[in-house]
Each structure stands twice: as C-alpha cells, then as structure tokens.
Amino acid sequence: MRGESERQATMMLGLTPDGFVPKDHPLRRSKPLADSALRRISPLFDEIYADSGRPSIPPEHLLKASLLMAFFTFRSERQFCEQLRYNLLFKWFPDLSVEDEAFHPTTFTKNCERLMETDAAPVLLQEARHRRFLSPDRFTVDGTQLDA
C-alpha cells in the first residue's frame, strides 16, 4: 500500500547548526581562528557602541558573515542573505541559531561603515596577516588592481 505524505507545519529541533556541519569541513579550522581574532578586538567594539538603546546585531556576527562572503565569493550581500535564510553552514559560522532570521542586506552597509571608521578593521587585518590568511598575490577586477 502506498503511504501518504504528512505535512508538518512546525518542527521542534533539539539540534544546533554545529550538528549539521561535517567534522572535516574546512571552515571548522577557520572558525576558532576567527573567534580568537574577534575576542582580541572585542574591547574596540565596546567603544563603538552606546551603553543604552536598542541592542544591535553583534559585530562579531557581521564580521564572520563578511568572511563567509569572501570565502564563498558571493556577488552581493543580498545573495548571501538569501543563502543565510536556509544554509545551516552559513548560520553556524557566525554563531546564529537555526531560528535566527537572516540579516537584511542593508544591515551590512550601515554597520560596515561604523566598523570601518574605527580601529577594529586594521586590527582584524593585522591578525589576518599575522596568521598568514592574506596572500601576497594581486588580481584585477574591472581593471582595478586589488591585493588578494
């Protein structure tokens, strides 16, 4: 006898995104390094944000999401945010839960401006250089030379 598909409107999970990421996935090696670098610059984040008002999205989440966009060469924040809605790997790396909403693409624009105006970006780049995450290679995009 043929079984029928039963629709399930809601689902309760006792799992975290970590349970869905393979143990040998390359990002598992990168995540502790990113976490360590962000812990070092955490005091700078405290200086950027006010003590009162509505809580923001943690800058650590946004910076890790930016790393994912670079690692996976997303063409736009909008494309990344679409993937963030349903890709558990992309929820795991920036420490989001399964239930967390994806960022709105404009979130990056507004918050990146704030982060770039501080000492956080140079410190993060210095950490990346120290750990040899940056390549001395150069490449061009639209005729503009960029450091890789």
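The values are calculated or read from the model by the stated rules, or taken from the named source; none is laboratory data. The model shown is predicted, which means the values in this text are computed figures rather than measured ones. Every residue, glycine as well, gets a Cβ built from its backbone with ideal geometry; the counts of neighbours run over all protein chains shown.
See the values below:
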{"item": "Test result for A65, assigned to a helix (DSSP H, G or I), among the small types (G, A, S), free of Cβ contacts under 8 Å to residues at least 60 places away in the same chain and farther than 21 Å from T16 by Cβ", "result": "no"}
{"item": "Close pairs (6 angstrom Cβ cut-off, 6 or more residues apart or separate chains): surrounded by 14 or more Cβ atoms within 10 Å (Cβ to Cβ) in the range 110-128, modelled with pLDDT under 75 and not in a helix (DSSP H, G or I) anywhere", "result": "A128/L134"}
{"item": "Within the range 97-110, considering residues that are in a helix (DSSP H, G or I) and out of contact with any Phe, Trp or Tyr (no Cβ under 9 Å at 6 or more places or on another chain), the one farthest from I48 (Cα to Cα)", "result": "T106"}
{"item": "Members of the range 77-96 that are in contact with a helix residue (DSSP H, G or I) (Cβ under 7 Å, 6 or more places away or on another chain) and either part of a loop (DSSP other than H, G, I, E, B) or at pLDDT below 90 (or both)", "result": "F93, P94, D95, L96"}
